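Novice: Before I ask anything, here is the structure I am working with.
Where a number appears in this text, it was derived from the coordinates with a stated rule and is not lab data. None of these values were measured; they are calculated from a predicted model. Backbone-built Cβ (ideal geometry, glycine too); neighbour counts: all protein chains shown.
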Amino acid sequence: MAKNVKVYSTPTCPWCVRAKQFLKDNNIAFEDYDVSSDRLKADEMVKKSGQMAVPVLDIEGQIIVGFDREKIKQALGV
Amino acid sequence: MYDLIIIGAGPAGITASVYAARKKMDFLVVTGDIGGQTAWSGDIENYTGYQFITGPDLVHKFEEHMRSYDTSVKEGEEVMEVVKAGGAILVKTSKAEYQARSVIIASGKRSKELGVPGEKEYKNKGISYCATCDGPLFSAKNVAIIGGGNSALDAALQLIKIAKYVYIVNNTPELGGEALMRQKVEGAQNLEIFNNSSILAVLGEKMVNAIKINHAGNEKMLSVEGVFVEIGLIPNSDFVKGVEKNARGEIKVNSRNETNIQGIFAAGDVTDVPEKQIIIAAGEGSKACLSAFRYVAQH
């Protein structure tokens, strides 16, 4: 079963770009929210993570702040 | 054993890798990230050939160039120790151990921290070390930039377009940095500069809501939700043992990028080369690689 993956990011953040590239390389489909233009999603991200930093990944409800490759791998089971 | 291990993949490391690939050296790039400080830069207008390019776009170009050769890049590996043992140089990382006949240290610099109360508690909760990344989260909010050099100006130029109001807290009598950038910053309508000022504390509840500053001898509170730290950089040179460094911790190199240890070369912002610029780091990376190539051929 494909996991439900959401990425909250800004277009200019290098770790966001790398996190998304990592998901693509592993053939993981994800929803991508640009929090620089989407206020509602930005608020949602801050509420979920308790932080004001990007990227935030929501993998089946597990929240990962920053591009933490090992945590992401674990959460995805890849 | 590799001919060469390049530590770091910023402008210096990536340029060294391009030269190493073209010299057909047997080499490896070990790095925490790709692009280094360039990846966090906003607008770049002084890299020859590009009248304008953003930091992330320039890094994309660099990486594309590096990967156009069959280069082995170990990304996300932190180097713990570099030590010369006999004829070989040992590179210990968070994941593995490698040996090479030569090494280029191009590990760059990282942001200096404020060292004031509240910094640890509010990191990522209003305090950011990357305006390029986190800036857009502060749209229509008040923010403060701590610092007054080029990176502070760069952050200011990004944030005046996003934030409601921007304060600059600078501890010298006037802003430093490039004159052109300074002019643009000083002309901004939604910005106020506090010179001769230092930050005393970051305050808040769940998130940052104010900072306390010392402005020319008087304490003052600024109501801000974001604090961007741009007070300079420290070299990532702790892991290299036995290499001579200056008082700032920068690795001493000669004009051929040699350190005091044979076979260990260094390039870019981690070294004591005067002026820290992307184009200088790139040039130093190419020099270091040519020196390493010559060294490996002779030893």
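Novice: Please give the contour-minus-distance gain from B:K206 to B:A188: 0.36 nm per residue of separation, less the Cα-Cα distance, rounded to one decimal in nm. The partial results should precede the final answer.
Specialist: Working: separation 18, 0.36 × 18 = 6.48 nm, distance 3.07 nm.
The B:K206-B:A188 span can extend by a further 3.4 nm.
Novice: Right, another one. Using a simple spin-label model with points 7 Å from Cα along the Cα→Cβ vector, what separation in nm is obtained for B:A216 and B:S94?
Specialist: Taking the simple label geometry, B:A216 and B:S94 are separated by 4.6 nm.
Novice: Let me ask something else. Can you compute the radius of gyration and Dmax for region B:127-229, using only the Cα atoms, both in Å?
Specialist: When restricted to the Cα atoms of region B:127-229, Rg and Dmax are 12.4, 38 Å.
Novice: Rounded to the nearest 5, what % of DSSP beta bridges with both residues in the protein assembly as shown are antiparallel?
Specialist: Values: 38 of 76 bridges.
Bridges in the protein assembly as shown that DSSP calls antiparallel: roughly 50 percent.
Novice: Semi-axes, largest first, in whole Å: what does sqrt of 5 times each Cα gyration tensor eigenvalue give for chain B? Each step should come with its number before you reach the end.
Specialist: Working: eigenvalues 294, 75, 56 Å².
The answer is 38, 19, 17 Å, longest axis first.
Novice: Could you work out, residue by residue across B:205-212, how many beta carbons of other chains sit within 10 Å of that residue's beta carbon, and then give the average as an integer? Can you show the working numbers first?
Specialist: On the way: counts 0, 3, 4, 1, 0, 0, 0, 0.
Averaged over the peptide's residues, the number is 1.
Novice: Averaged over A:14-20, how many beta carbons belonging to a partner chain fall within 10 Å of each residue's beta carbon?
Specialist: Details: counts 15, 5, 2, 6, 6, 0, 0.
If you average over the peptide's residues, the count of other-chain Cβ atoms is 5.
Novice: Continuing with this model, one more query. Which order do B:I105, B:I213, B:I261 fall in if you start with the one that has the fewest other Cβ atoms within 10 Å?
Specialist: Details: B:I105 32, B:I213 21, B:I261 17.
By the 10 Å Cβ count, ascending: B:I261, B:I213, B:I105.
Novice: Oh, and also: Which of the cysteines found in the protein assembly as shown have nothing to pair with, since no other Cys Cβ lies under 4.7 Å from theirs?
Specialist: B:C289
Novice: Counting only other chains, what is the mean number of Cβ atoms within 10 angstrom of the Cβ of each residue in peptide B:73-84? It would help to have the intermediate numbers written out before the result.
Specialist: Numbers: counts 0, 0, 3, 6, 0, 0, 0, 0, 0, 0, 0, 0.
For this peptide, the per-residue mean of nearby foreign Cβ atoms is 1.
Novice: Counting only helical runs of four or more DSSP H residues, what would the 222 nm mean residue ellipticity of chain A come to if each run contributes -39,500 (n - 2.57) and the total is spread over all its residues? Intermediate results must be reported in sequence, preceding the final value.
Specialist: Values: 3 runs with 31 residues, N = 78.
Roughly -12000 deg cm²/dmol at 222 nm, from the helical runs in chain A.
Novice: Please report, largest first and rounded to whole Å, the three semi-axes of the ellipsoid equivalent to region A:5-68, where each semi-axis is the square root of five times an eigenvalue of the C-alpha gyration tensor.
Specialist: Working: eigenvalues 58, 32, 22 Å².
That gives 17, 13, 10 Å for the three semi-axes.
Novice: Which one, B:I34, B:N190, B:P136, is farthest towards the positive end of the dipole of the protein assembly as shown when Lys and Arg carry +1 and Asp and Glu -1 on their Cβ?
Specialist: Toward the positive end, the furthest listed residue is B:I34.
Novice: Taking the highest mean first, how do the peptides B:24-36, B:286-298 order by number of other beta carbon atoms within 10 angstrom per residue? Please report the intermediate quantities before stating the final value.
Specialist: Values: B:24-36: 22.3, B:286-298: 20.1.
By packing density, highest mean first, the sequence is B:24-36, B:286-298.
Novice: I'd like to compare B:113-119, B:83-89, B:56-62, A:10-16: which one has the highest average count of other Cβ atoms within 10 Å, and what's the full order after that? All intermediate terms of the calculation are to be shown ahead of the outcome.
Specialist: Working: B:113-119: 16.0, B:83-89: 13.9, B:56-62: 19.7, A:10-16: 21.7.
Most protected by this proxy first, the peptides run A:10-16, B:56-62, B:113-119, B:83-89.
Novice: What share of the DSSP beta bridges in chain A is antiparallel, in percent to the nearest 5? Spell out each step's value before the answer.
Specialist: Numbers: 8 of 12 bridges.
Of the beta bridges lying entirely in chain A, close to 65 percent run antiparallel.
Novice: Give the angle, between 0 and 90 degrees and rounded to the nearest 10, that separates the Cα long axis of helix A:39-49 from the longest principal axis of the Cα atoms of chain A.
Specialist: The two axes meet at around 60 degrees.
Novice: Could you order peptides B:236-243, B:162-169, B:148-155 by the average number of other Cβ atoms within 10 Å of their residues, highest first? Write out the running numbers ahead of the final one.
Specialist: On the way: B:236-243: 17.4, B:162-169: 22.2, B:148-155: 23.8.
The peptides rank, most packed first, as B:148-155, B:162-169, B:236-243.
Novice: A further question on this structure: Quick check: Cα centre of region A:1-18 to Cα centre of region B:241-284, how many Å?
Specialist: Cα centroid of region A:1-18 versus Cα centroid of region B:241-284: 36 Å apart.
Novice: I've got another one for you. Quick check: the distance between the Cα centres of region A:25-45 and region B:187-230, to the nearest angstrom?
Specialist: With region A:25-45 and region B:187-230 each reduced to a Cα centre, they are spaced 30 Å.
Novice: Quick one: of B:K61/B:K84; A:K6/B:K125; B:K61/B:K276; A:K24/B:K23, which pairs are farther than 30 Å apart, Cα to Cα? Numbers along the way, then the final one.
Specialist: Working: B:K61/B:K84 34 Å; A:K6/B:K125 21 Å; B:K61/B:K276 20 Å; A:K24/B:K23 32 Å.
Violating the 30 Å limit, Cα to Cα: B:K61/B:K84; A:K24/B:K23.
Novice: How about region B:179-209: which GluC sites (Glu not before Pro) there are in a DSSP loop, with at most 14 other Cβ atoms within 10 Å of their Cβ? Please report the intermediate quantities before stating the final value.
Specialist: Working: sites: B:E186, B:E192, B:E205; in loops: B:E205.
Qualifying residues, ordered by number: B:E205.
Novice: So, one more: Run the numbers on region B:127-229 and let me know its relative contact order in percent, using alpha-carbon pairs under 8 Å that are six or more apart.
Specialist: Values: 226 pairs, mean separation 32.5, N = 103.
Relative contact order of region B:127-229: 32 percent.
Novice: When the dipole is taken about the Cα centre of the protein assembly as shown, and only Lys, Arg (+1) and Asp, Glu (-1) are charged at their Cβ, what size is it in debye, to the nearest 20? List each step's numbers first, then the result.
Specialist: Numbers: 44 positive and 46 negative charges, 102 e Å.
In debye, rounded to 20, the protein assembly as shown gives about 480.
Novice: Still on this structure: Relative contact order of region A:5-68: what whole-number percent is it, with Cα pairs under 8 angstrom and at least 6 residues apart? Write down the numbers at each step before the final one.
Specialist: Numbers: 96 pairs, mean separation 27.2, N = 64.
Value for region A:5-68: 42 percent.
Novice: Greater than 21 Å separation of Cα atoms is the criterion. Which listed pairs, A:K3/A:K48; A:K20/B:K120; B:K24/B:K245; A:K73/B:K74; B:K95/B:K252, meet it? Kindly include the intermediate steps, with their values, before the conclusion.
Specialist: Details: A:K3/A:K48 18 Å; A:K20/B:K120 28 Å; B:K24/B:K245 31 Å; A:K73/B:K74 17 Å; B:K95/B:K252 28 Å.
Exceeds cut-off: A:K20/B:K120; B:K24/B:K245; B:K95/B:K252.
Novice: Okay, moving on. In whole Å, what three semi-axes, largest first, describe the equivalent ellipsoid of the protein assembly as shown built from its Cα gyration tensor (square root of 5 times each eigenvalue)?
Specialist: Numbers: eigenvalues 254, 140, 66 Å².
Sorted largest first and rounded, they come to 36, 26, 18 Å.
Novice: Considering every Cα-Cα pair within region B:1-150, what fraction, in whole percent, is farther apart than 28 Å?
Specialist: Details: 3693 of 11175 pairs.
Here the tail beyond 28 Å accounts for 33 percent of pairs.
Novice: Please compute the contact order of chain B in relative form: average sequence separation of alpha-carbon pairs under 8 Å and at least six residues apart, divided by the residue count, as a percent. Let's see the in-between values first.
Specialist: Values: 709 pairs, mean separation 64.2, N = 299.
That works out to 21 percent.
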